[in-house]
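Have a look at the structure below, then the notes.
The values are calculated or read from the model by the stated rules, or taken from the named source; none is laboratory data. Note that the structure is predicted; figures quoted are calculated from it, not measured. Here the Cβ positions follow ideal geometry from the backbone for every residue, glycine too, while neighbour counts run over all protein chains shown. Quick note on the areas: whole protein, heavy atoms, side chains included, nothing else; ligands and nucleic acids left out. Shrake-Rupley method; radii C 1.70, N 1.55, O 1.52, S 1.80 Å.
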Amino acid sequence: MSGTPKRLDVDGLLTDPATSIIVCCGSGGVGKTTVAAALALRAAEQGRDVVVLTIDPARRLAQSLGLTELDNNPREVEGVQGAGRLFAMMLDMQRTFDEIVENHADPERIEQILQNPFYQSLSAGFSGTQEYMAMEKLGQLRRTGEETGSWDLIIVDTPPSRSALDFLDAPNRLGSFLDGKLIKVLMAPAKAGGGFALKVLASGFSIATMALNKLLGSGLLHDVQTFVGALESMFGGFRQRAEETYQLLQAEGTAFLVVAAPEPDALREAAYFTERLAAENMPLAGLILNRVHPVTVPELSAEKALAAAEELDADSADPRLAAGLLRLHAERVRLAARERRLAERFTASQPGVAVAEIPAQSGDIHDLDGLRLAGDLLAG
Amino acid sequence: MSRPWPPECRLHIVTGKGGTGKTTAAAALALALAEGGGRVLLVEVEGRQGIAQLFDTAPLPYEERSIAIAPGGGEVFALAIDPEQALLEYLDMFYKLGRAGKALKRFGAIDFATTVAPGMRDVLLTGKACEAVRRTAADRPGAAFAYDAVVMDAPPTGRITRFLNVNTEVAGLARVGPVKNQAEAVMRVLTSPQTAVHLTTVLEDMPVQETLDGVEELRAAGLPVGAILVNMVRTAHLTIGKRAAVSTAAEKRVAALLRPYGIDTDETHALAVLGREHAERLTLEEVERRALDGAGQPVVELPQIGGGIDLGGLYELAAALSAAAAIGEAA
C-alpha cells in the first residue's frame, strides 16, 4: 500500500548493540546536523556510548553540545541524562588533512608538503576534500573507539554538499585524481629526471603538460610537481584508506539515514540517494522527514475555516483573533496536504523505505532540551 | 527604502544558504529585470539543472536559449555553464589548441583543471558570466549590449566569497600566464558597480547568521554587496505583540465565537496552540528582521508562495522585486 509507509523504528536502531555507525545524509538545509545530534543524544540517554561527528553546525547548536570552536578531537558533552556517554566534535577539514600528511608522509617531506601552495589550495578548497576528510575522520573515530572503548556508536553528519551524492562520489574522485594518469605525467620529470622526461617529450603527455604550462603558467605546474613528488609516498595510503572507508560503509553495523524536508527538491535528492545506496549495497535504515507540519484539528477543512473567518470578519464584535486563528488553520491544512502529497510520491517511488517524521518546531533548536524533544518526536 | 541595486548594475549574483530558495530568487529577479522589453540572461554554475526544474523544461545544454517571456515583452534566456565546456571554448578562442585540447582531455587535464584546481574552475565560471555581461549587441538595434543584465544563480553563501574572489585564489596558484590575466579581467568586472551580490535568506536563525557573515566577508574582499532578499515571508495572521491575545481568557471568547460553527472547546484549544506558535514565530522573525536591518544593506521581502513555486509563483515574486526596485528608484 503506497500511502502508508513502514514506520522507522528509531529506538530499535539506536539501542541495537550491532549498530555501530549511523550516517545521516541528505541535501543542504534539511536539518541533517540537528537530526544527527538529536539521535546521538537519544542513543546516549538510552545507554549507548556515542560520538557524533558534526560538519558545519549552526553556532547555537554547536554551543549546546559544548563545542565553542573548531576542534578536531571529540569532547564529552555535559548534561546527558542516562547511562551512556556522549562525545561531540566538529570536523576541522584543514587539520584532518594536515594530520594525514603528518602521520603518513616521509618525515623530511612533511613541511615541504604543508607549505606547498598547491597543497594549501587543495586541502582548503577542493570540492570533495570535506567529504573525503569526513570519511577519513570516521575511520579514525572507529579505530579510536576500538582502542579506547570510549564509544561503540558513531553518528556522522555529512557535509552540506550541493547534492547528497557528492558525499559518495567525492572520496573516489580525490582518489582517482591522486592515482590518475595526469599525476603520473606530472610526476615523471620529478621521478626520472632528464632522461625519462626526454622520452616522454615525444608522446602526447608532453603536449598535455605543455598546454597546461601555457595556460596555468609554469609556476603552478612546478608547484603541483613538487607537491605530487612529495606526496608520492602517501599515494598508496590514500587509495587504500578510501577503499577501507568504503567497505566500512557497506559493512554490517552501518546504517544510513536519509534526511529530507517535505519539499520537492529535498525529496528528489532523497530519492536519488536512496537509489544510489541500493546500487552500492549500502544499508539504508530509512528516511527521516524533518519539519513536517501537522494538522491539529483534522475535522475542520480549510474551506470551512475560511468561510467561517469571512463571516466573522463581517459581523463579529471581536473578530480579529478568532478569524486569524481560522485562517492560520486553513493555511496549515493546505500546507500539510501538500507535504503529504510529496511524501506519498516519495513512498510510492521508493516502496519499502521506512519513514520517521519530526514535526516542525516554532523556534530553532539550540540546547539539549531541544535536541531531546526532537529525539522524542522522532522516536514517536 | 534605498535602491536595492545601483542603476548601472548589470551582473546580479544571487547567493543564499541551501534551502532558502536562491534559484527561485535568481529566476524571479531575471524576470523582473526583463520586464518591459529587456533581455536578460540567467546562468547557473553548479551543474544542478535547477533552472530547468524550476521552469519545468528539459535540462539546459551549454547554450543560451529562451526560457520565459517577462511581463511587458521582455525575454529571459538561460544558460547552464559547464566548466569543462567553458575551458575548451576558452582554449579554442585564445589558443586554437586543437590537438593539444584533445590531449588535455585524454590525460585528464581537463578534469584536473576544472575539478581539482579550485580557482581555475571558478575563473572559468565567472569568466563566462562576465563575457556575457560585456558582449556587445549585434542583433539588437539601439542597445549597447547583447543582454541588459545577467543574473547568476551562484554557489551558496558559505562559499560565495571564495568563489568570486578568483583573483586571490588564482594568484596563490598561477603567478603568471593567461589564467592569471583572465582572473584579473574577471575581478575588474566583479568589483565594479556593474556587479551586485544579493544574498537570499529566510527569517530563521542560521540562515540570517550566515547572511550577516556573508555580507562581512564580501565587504572584506571588496566585492559589492547588493540587496538581502528575504524569501518565503509568511503572511501574519495575528498582529505581532498579540501573544497575550491568545491568553486563556481570549481563548474562551474565541471558543464562544466559534461554537456556532461546530468547533468545540478542544478544537479551539488546538487552534489557540497553533496561534501561540505562530505568534512565537512572528516574534522570532522580528528579531531576525532587526538583525538583517543591522547589516546596512537594502532588504527586499518576497512572499511565501502557497502550494509551491510554479511559473505563476515566479511572476508573483518578480512583481515583488520590480515593486521594490521602483520604490528604491523613487526614493
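Is it fair to say A:Ala251 is small (Gly, Ala, Ser) and in contact with a helix residue (DSSP H, G or I) (Cβ under 9 Å, 6 or more places away or on another chain)? So A:Ala251 does not fit the description; no.
Given the residues B:Ala256, B:Ala220, B:Ala272, which is the only one that is hydrophobic (A, V, I, L, M, F, W, C) and open to solvent by less than 40 Å² (accessible area, probe 1.4 Å)? Full working, then the answer.
Details: B:Ala256 fails: open to solvent by less than 40 Å² (accessible area, probe 1.4 Å); B:Ala220 fails: open to solvent by less than 40 Å² (accessible area, probe 1.4 Å).
Only one candidate passes the filter, namely B:Ala272.
Only one of the numbered conditions (1) under 24 Å from B:Arg159 (Cα atoms); (2) open to solvent by 10 Å² or more (accessible area, probe 1.4 Å) is violated by B:Ala78, and that is (2).
Tallying residues that are in a loop (DSSP other than H, G, I, E, B) and in contact (Cβ under 8 Å) with a residue 60 or more places away in the chain within region B:47-63 yields 1.
Take the conditions open to solvent by 20 Å² or more (accessible area, probe 1.4 Å), within 17 Å of A:Leu138 (Cα to Cα) and in contact with an Asp or Glu (Cβ under 6 Å, 6 or more places away or on another chain) and apply them to A:Asp71. Does it pass? Break it down stepwise before answering.
Numbers: open to solvent by 20 Å² or more (accessible area, probe 1.4 Å): yes; within 17 Å of A:Leu138 (Cα to Cα): yes; in contact with an Asp or Glu (Cβ under 6 Å, 6 or more places away or on another chain): no.
No, not satisfied.
Could you grab me the full set of residues in region A:297-313 that are facing another protein chain (nearest Cβ under 10 Å) and either in contact with a His (Cβ under 8 Å, 6 or more places away or on another chain) or closer than 20 Å to A:Ala379 by Cβ (or both)?
Within region A:297-313, A:Val297, A:Leu300, A:Ala305 qualify.
Residue by residue through region B:275-287, note down the ones that are among the charged types (D, E, K, R) and either crowded, with 20+ Cβ neighbours inside 10 Å or within 7 Å of chain A (Cβ to nearest Cβ) (or both).
Let us first name the residues in region B:275-287 that are among the charged types (D, E, K, R), namely B:276-277, B:280-281, B:285-286.
Scanning region B:275-287 gives B:Glu277, B:Glu280, B:Arg281.
Residues in region B:162-206 that are modelled with pLDDT of 90 or more, within 30 Å of B:Gln304 (Cα to Cα) and assigned to a helix (DSSP H, G or I): B:Leu164 only. Anything in region B:23-49 that is touching a strand residue (DSSP E or B) at 6+ places or on another chain (Cβ under 9 Å) and acidic (Asp, Glu)? List them, or say none. Within region B:23-49, B:Glu44, B:Glu46 meet the criteria.
For B:Val225, the requirement of being within 11 Å of chain A (Cβ to nearest Cβ) and under 26 Å from B:Pro6 (Cβ atoms) is not met. The set of residues from region A:341-373 being touching a helix residue (DSSP H, G or I) at 6+ places or on another chain (Cβ under 7 Å), within 10 Å of chain B (Cβ to nearest Cβ) and touching a residue at least 12 places away in the same chain (Cβ under 8 Å) comprises A:Leu342, A:Asp364, A:Ile365, A:His366.
For region B:10-49, a residue qualifies if it is under 18 Å from B:Thr126 (Cα atoms) and open to solvent by 10 Å² or more (accessible area, probe 1.4 Å), and the qualifying residues are B:Arg10, B:Lys22, B:Thr23, B:Glu46, B:Gly47, B:Arg48, B:Gln49.
Pick out the one residue from A:Arg332, A:Arg291, A:Arg340, A:Arg327 that is closer than 20 Å to A:Cys24 by Cβ, open to solvent by 20 Å² or more (accessible area, probe 1.4 Å) and modelled with pLDDT of 90 or more. Walk me through it before giving the result.
Details: A:Arg332 fails: closer than 20 Å to A:Cys24 by Cβ; A:Arg340 fails: closer than 20 Å to A:Cys24 by Cβ; A:Arg327 fails: closer than 20 Å to A:Cys24 by Cβ.
Selected residue: A:Arg291, the only one of A:Arg332, A:Arg291, A:Arg340, A:Arg327 that is closer than 20 Å to A:Cys24 by Cβ, open to solvent by 20 Å² or more (accessible area, probe 1.4 Å) and modelled with pLDDT of 90 or more.
Do we have any residue at all in region A:245-252 that's part of a helix (DSSP H, G or I), open to solvent by 10 Å² or more (accessible area, probe 1.4 Å) and at pLDDT below 65? Checking region A:245-252: not a single residue is part of a helix (DSSP H, G or I), open to solvent by 10 Å² or more (accessible area, probe 1.4 Å) and at pLDDT below 65. Which residues, counting only those in region B:246-267, are more than 8 Å from chain A (Cβ to nearest Cβ) and at pLDDT 90 or above? Passing the criteria: B:Glu251, B:Lys252, B:Ala255, B:Ala256, B:Arg259, B:Pro260, B:Gly262, B:Asp264, B:Thr265, B:Asp266. Does B:Arg162 qualify as being open to solvent by 30 Å² or more (accessible area, probe 1.4 Å), within 12 Å of chain A (Cβ to nearest Cβ) and among the basic types (Lys, Arg)? It is true that B:Arg162 is open to solvent by 30 Å² or more (accessible area, probe 1.4 Å), within 12 Å of chain A (Cβ to nearest Cβ) and among the basic types (Lys, Arg). Criterion applied to B:Ala291, B:Ala318, B:Ala325 was being assigned to a helix (DSSP H, G or I) and surrounded by fewer than 17 Cβ atoms within 10 Å (Cβ to Cβ), and the one residue passing it is B:Ala291. Close Cβ contacts (under 6 Å, 6 or more residues apart or on different chains) running from residues in region A:328-340 that are within 8 Å of chain B (Cβ to nearest Cβ) to residues that are buried (at least 21 other Cβ atoms within 10 Å of the Cβ) comprise A:Leu328/B:His237; A:Leu328/B:Leu274; A:Leu328/B:His278; A:His329/A:Ala305; A:His329/B:Leu271. Taken over region A:5-32, the criterion of being assigned to a loop (DSSP other than H, G, I, E, B) and without any contact (Cβ under 8 Å) to a residue 40 or more places away in the chain is satisfied by A:Asp16 alone.
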